[in-house]
2 protein chains.
Amino acid sequence: MTIDLSAVPEGGIGWLSGGGEHADIVLSTRVRLARNLDGIAFTGRAREGERLRVLQMLRDAVPHLPSLRGGVLLRLEDLDVSDRRLLHERHLVSRELAGLDGGATKGGAAVLVGHGHGIMVNEEDHLRLQTVRGGLATRAAIDALLTVDRELGSRLPYAYHEEFGFLTACPTNTGTGLRASVLIHLPGLVLTKEIGKVLSGLQAMGLTYRGLYGEGSEVIGNFFQISNQTTLGRSEDELVEHLQRVVSHVIKREHDARRVMWREAGYIIEDKLWRAYGTLRFARSLTFEEAMNYLSGVRLAVGLQLINGLSVETLNRLLIFSQPAHLGYAEGRVLGEEEANVARARYVREALGAETDQAKH
Amino acid sequence: MTIDLSAVPEGGIGWLSGGGEHADIVLSTRVRLARNLDGIAFTGRAREGERLRVLQMLRDAVPHLPSLRGGVLLRLEDLDVSDRRLLHERHLVSRELAGLDGGATKGGAAVLVGHGHGIMVNEEDHLRLQTVRGGLATRAAIDALLTVDRELGSRLPYAYHEEFGFLTACPTNTGTGLRASVLIHLPGLVLTKEIGKVLSGLQAMGLTYRGLYGEGSEVIGNFFQISNQTTLGRSEDELVEHLQRVVSHVIKREHDARRVMWREAGYIIEDKLWRAYGTLRFARSLTFEEAMNYLSGVRLAVGLQLINGLSVETLNRLLIFSQPAHLGYAEGRVLGEEEANVARARYVREALGAETDQAKH
């Protein structure tokens, strides 16, 4: 089966449109809750029959949940690997659930995509509820997600322990089961070499970070995911407020770094960023990593008001749509690496050209 | 005194306009004759009075020479160093004559600039007559120059020896006193790594080469000056015909190299050349060497018809006008190195933008 993205609410990427506070620096805020059903073995130990039972229970519940109205359920085993990659590139499913790490897709693996919400089914936990918002919006995201959670919990028997809270497959998630993260762009801190200090500061405050793509992936394009590390012993409110506070501070540091950088090496930065733009506007082949790095430069240039006429939505869209599965989807076939590089260059060139040919430069 | 370039015929760079055969590959053909006046010590040993006498003798002769009508005589000691640099960047005077190598300008040092011709006065030889044409045009250049030479010789007593021919300060010039050279762009041979073979071939055939700027300067931007090495024992016709023949062969080799390169790595080349163009279109600071290298890429892209709408004249003009003294002349003041890099980027950006914004890309 080939996926029909037009049937999926906002393609699962409504956050792209670039609303929300600090949307030029914080791409998205993402919160998820890990939930398991009472009396069924955790996914890692569950037999196929149990996994299918989890899926069926969710299916039965969904029609009764106002917050998930209009949602679409996609069973991963029905999808080609390229479509599963596409969902992963939209951060709707994990690599594991999509069977992208060599392992096959397991029976019962599915994802429900609603308006700004999603539920992964039979991932490490039976259900992983997530909400994504554009910009820095931990409060709005957690409020929306807790509504989904409340509605779902009233229909399904969650595994819950009076003392520990929600039970999860991995002990680090036990408690609230909450993971809250922001995807943030920190080129100023990287260029001024202050990023190391900031990142160690995060860890000292119980937060962790990784690169834009996948677990433990290296940081490219100066995009960082910052998230909470533990969940036990604190309330959802405390967790998201802590993240919001720390990230607000990081944003301030980023702005400071940009100011210093601009004052002390403005013309070097200006040259570097315009060259990045020029390369994206004219290159005929771009690796993903190159594209991310140059797009990081262009995003910074927009933030510094060097380049006008490029919306945050376009900048966000470029990041998502220049990934391999997205390029293949646009071309209607699976692309080899070199073909993808050529298609990526064409896509980026045209997308930037369309918005800036009208704008002054 | 500040130089008034508008008074100089075609600014001394009529060849820029890009006429002539193979003008996309051969920028210019240059021939010069070394002449000395009988009974006056060679410049290296001449006292100031003798040098001034040489200058006066030329001054008296010029009004009677049809081929030099409209020429302008510039005395180098009257000019600021930045203007002398400007003349050097136009290849109208040598570094030595312009006093750019630390030595001061000597009394009597001058240059006469006519339509396509020039005469350096009190360089290594008393008089160095030169003609420059666009493209590969050794025949036209030598014919024009021999006319100047004949007219001048009928007015001035040349130092001439029945057996050796024209006497010159350096024995390598004795005989015809002719040096013929072409400025040629060989990116295909450089990129396919065949240039080494071609250059050794030149030497085996009595020719020599150097980079675009100055004696013994390194090659940048894939621009080479190819010229004859000795002049004794051969006629002017033989010398220029030999150069013409060898250069025609080199041009053929360059075309072959471009064809091979395009067939075997077309998409890599395409990407590389468009990136060069993109960098030139948007960079805010460019060193001279960078500019030459990227302009070499753009010139190749025009030759391969990847980029349309850029004339050979514009490509030639970019090489000349992005040199430091030219940038300073345009800004009306002497520029520091960083200022020159910024001015260069602006000039190149605007020049390319003006021609290609109307063209498709």
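Bear in mind these aren't lab numbers, they're just calculated from the coordinates by the rules spelled out. What you see is a predicted model; the values in this text were computed from it and never measured. Here Cβ is always computed from backbone atoms with ideal geometry, including for glycine, and neighbour counts include all displayed protein chains.
Annotations for the structure displayed:
- Dipole of the protein assembly as shown [Lys/Arg +1, Asp/Glu -1 at C-beta], most positive-end residue of A:Tyr160, A:Gln244, B:Leu202: A:Gln244
- Over the protein assembly as shown, volume per residue of the alpha carbon convex hull, in Å³: 165
- Residues whose amide H lies under 5 Å from that of A:Tyr158, counting only those 5 or more places away or on a different chain, are A:Asp38; hydrogens are built 1.01 Å from N in the peptide plane.
- One Cα centroid belongs to region B:72-98, the other to region B:276-300; the line between them spans 27 Å.
- Electrostatic dipole magnitude of chain B [Cβ: Lys, Arg +1; Asp, Glu -1; Cα centre; debye, to 20]: 480
- For the residues of B:282-289, the average number of beta carbons from a partner chain within 10 Å of their own beta carbon is 5.
- Alpha-carbon centroid distance for the pair region B:142-219 / region B:336-357, whole angstrom: 33
- Peptides B:20-31, A:281-292, A:39-50, ordered by how many other C-beta atoms sit within 10 Å of their residues on average, highest first, read B:20-31, A:281-292, A:39-50.
- Equivalent-ellipsoid semi-axes for chain A (Cα gyration tensor, √(5λ), whole Å, largest first): 36, 25, 16.
- Karplus 3J(HN,Hα) series, Hz, for region A:339-349 with 6.51 cos²θ - 1.76 cosθ + 1.60 (x for Gly, Pro): 4, 5, 4, 5, 5, 5, 4, 5, 4, 5, 4
- Rg ratio for region B:262-360: its Cα radius of gyration over 2.2 N^0.38 Å, N being its residue count, equals 1.09.
- Relative packing of A:159-165, A:189-195, B:136-142, B:274-280, which averages over residues the other C-beta atoms within 10 Å, highest first: B:274-280, B:136-142, A:189-195, A:159-165
- Highest GNM mean-square fluctuation among B:Gln244, B:Gln323, B:Gln56, for chain B modelled with Cα contacts below 10 Å: B:Gln56.
- Whole-number percent relative contact order across chain A, with pairs defined as alpha carbons under 8 Å at least 6 apart: 19
- Residues whose amide H falls under 5 Å from that of A:Ser28, counting only those 5 or more places apart or on a different chain, are A:Gly135, A:Leu183, with hydrogens built in the peptide plane.
- Region B:271-328 shape via C-alpha gyration tensor axes, a/c threshold 1.5: oblate
- Of A:His326, A:Ile268, A:Ala351, farthest towards positive along the dipole that unit charges on Lys, Arg, Asp, Glu beta carbons give region A:262-360: A:Ile268
- Region B:1-29 and region A:304-327: distance between their alpha carbon centers, rounded to Å: 45
- Neighbouring partner chain Cβ atoms per residue of A:272-278, average, 10 Å criterion: 6
- Lys-Lys pairs in chain B that are eight or more residues apart or on separate chains and whose Cα atoms lie under 20 Å of each other come to 4.
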